[in-house]
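Asker: Provided herewith is a single structure, encoded as structure tokens, for subsequent inquiry.
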Amino acid sequence: MAAAMALSCGARYGPCSRQLLGLSARGRLVRPAVWGGSAAPASSRPGPGGEVQYCAELLRKRDYEGFLCSLLLPAESRTSAFALRAFNVELAQIKDSITQKTIGLMRMQFWRKAVEDIYCDNPPHQPVAIELWKAIKRHNLTKRWLLKIIDGREKNLDDRAYRNIQELETYADNTHSALLYLTLEMLGVRDIHADHAASHIGKAQGIVTCLRATPYHSKRRKVFLPMDICMLHGVSQEDFIRANQEKNVRDVIYNIASQAHVHLEHARSFSKNVPVKAFPAFLYTVALEDYLYKIQKVDFNIFHPSLHKKSTLLPLYLYIRSWEKKY
């Protein structure tokens, strides 16, 4: 039975997945013909040596997919991955936890100073910062990428939609891709082809994250989807706020999701030249595929309830991909 499950999962996520995902021979995302943090420094401190558990628990609650991917990394890199992703979660939570931009800027400044202090071997007494300091010492991580993530998150504090898909991709590259560059360094990989793959995967992740957050933001009368694509299809922000499911609204989602798929295909085009040692850094592609598969299955209805359910088989899919040494 386990073999049967593995085969079914492999068919969905392996080389033959094009048919099931509805992809054309050219690798394009095909549409069905019929339409139907805590951002502030933590107030509660873990006991001595409890920083790893703090970071892991923060990930498990706030970035479950990232938590699962981190568990499949080599043992010597796992705790560092928890620290990196927990750092990213702390920054990501700031925007949704504030009512005034000034407060968000102050919290971003805390982390900017924390990074500077960490590189002077003087980390603040905050569990994520302490673990990040250990990871930096352990793997000689590049400070520029950490600061780039902070800068990218800070510029994104404004409650406005992305002007175009390129602006969303730039934000994704400055945040998600930068996190992948750091993960590669953590794995001891410094390779131009791996960096190219990381750039495209990070952009795909940023686009998918924007899509996934749309129902949440719409309920709060906020829409961040690229304005150029919305205007192309005659869709207003009010359409998303009202959870409109008309064809033109789905057209917008289809176009944006297709761009994420294109980036995943580009990333895989480098796979023959990417060191196998880098592959664990790219396991998040499994979660991205899973979402793109699900949203296509519901005809690009961004508000469909099935898209908000946690994938119970995701740990198995991740393990299989890790075992196959693919991304």
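Asker: Counting Lys and Arg as +1 and Asp and Glu as -1, each charge on the Cβ, what is the dipole of segment 159-313 about the Cα centre in debye, to the nearest 20?
Answerer: 500 debye
Asker: How much net charge surrounds Ala204 when only other residues with a Cβ under 10 Å from its Cβ are counted (Lys, Arg +1; Asp, Glu -1)? Could the numbers behind the result be given before it?
Answerer: On the way: positive: Lys203; negative: Glu169, Glu265, Glu289.
After counting each charged neighbour, the total is -2.
Asker: In addition: Quick check of the Kirkwood formula: for segment 125-261, what is the inverse mean of 1/r over all pairs of different Cα atoms, in Å?
Answerer: One over the average 1/r among Cα pairs gives 16.4 Å for segment 125-261.
Asker: If the only charges are +1 at each Lys and Arg Cβ and -1 at each Asp and Glu Cβ, what is the size of the charge dipole of the chain around the Cα centre, to the nearest 20 debye?
Answerer: That gives the chain a dipole magnitude of about 400 debye.
Asker: For segment 112-135 and segment 175-198, write down the distance between their C-alpha centroids in whole Å.
Answerer: 21 Å
Asker: By a straight-distance test (C-alpha under 25 Å), which lysines pair with Lys310 as possible cross-link partners, with residues fewer than eight away in the same chain excluded?
Answerer: Candidates past the 8-residue exclusion: Lys61, Lys95, Lys203, Lys219, Lys222, Lys294, Lys297, Lys325, Lys326.
Asker: For Lys326, what charge total do you get from the other residues with a beta carbon under 12 Å from its beta carbon, if Lys and Arg give +1 and Asp and Glu give -1?
Answerer: Values: positive: Arg268, Lys272, Arg321, Lys325; negative: Glu289, Glu324.
Residues close to Lys326 contribute a combined charge of +2.
Asker: Heavy-atom accessible area of Ser322 with all protein chains present, probe 1.4 Å, nearest 10 Å²?
Answerer: Counting only protein heavy atoms, Ser322 exposes about 40 Å² to solvent.
Asker: Give the cross-link partners of Lys155 among the aspartates and glutamates, using a straight C-alpha distance below 18 Å as the criterion and excluding same-chain residues fewer than 8 apart.
Answerer: The reachable aspartates and glutamates, counting only those whose Cα sits under 18 Å from Lys155, are Glu90, Asp96, Glu167, Glu169, Asp173.
Asker: Let me ask something else about it. Can you give the helix-only mean residue ellipticity at 222 nm for the chain, where every DSSP H stretch with n ≥ 4 adds -39500 (n - 2.57) and the sum goes over all residues, rounded to the nearest 500 deg cm²/dmol?
Answerer: -20000 deg cm²/dmol
Asker: I need the phi-derived Karplus couplings for segment 311-326: 6.51 cos²θ - 1.76 cosθ + 1.60, θ = phi - 60°, integer Hz, Gly and Pro marked x.
Answerer: My calculation for segment 311-326 gives 6, 5, 8, 4, x, 5, 4, 5, 4, 5, 5, 5, 5, 6, 6, 9 Hz in order.
Asker: Net charge near Phe279: determine it from the other residues with C-beta under 10 Å of the C-beta of Phe279, scoring Lys and Arg +1 and Asp and Glu -1.
Answerer: Combined, the nearby Lys, Arg, Asp and Glu give +3.
The values are calculated or read from the model by the stated rules, or taken from the named source; none is laboratory data. Owing to the predicted nature of the structure, the values given are computational and were not obtained by experimental measurement. Cβ coordinates were reconstructed from backbone atoms using ideal geometry, including for glycine residues, and neighbour counts include every protein chain displayed. The protein model used for the area step is the full one, side chains on, heavy atoms only, and it has no ligands, DNA or RNA in it. Shrake-Rupley method; radii C 1.70, N 1.55, O 1.52, S 1.80 Å.
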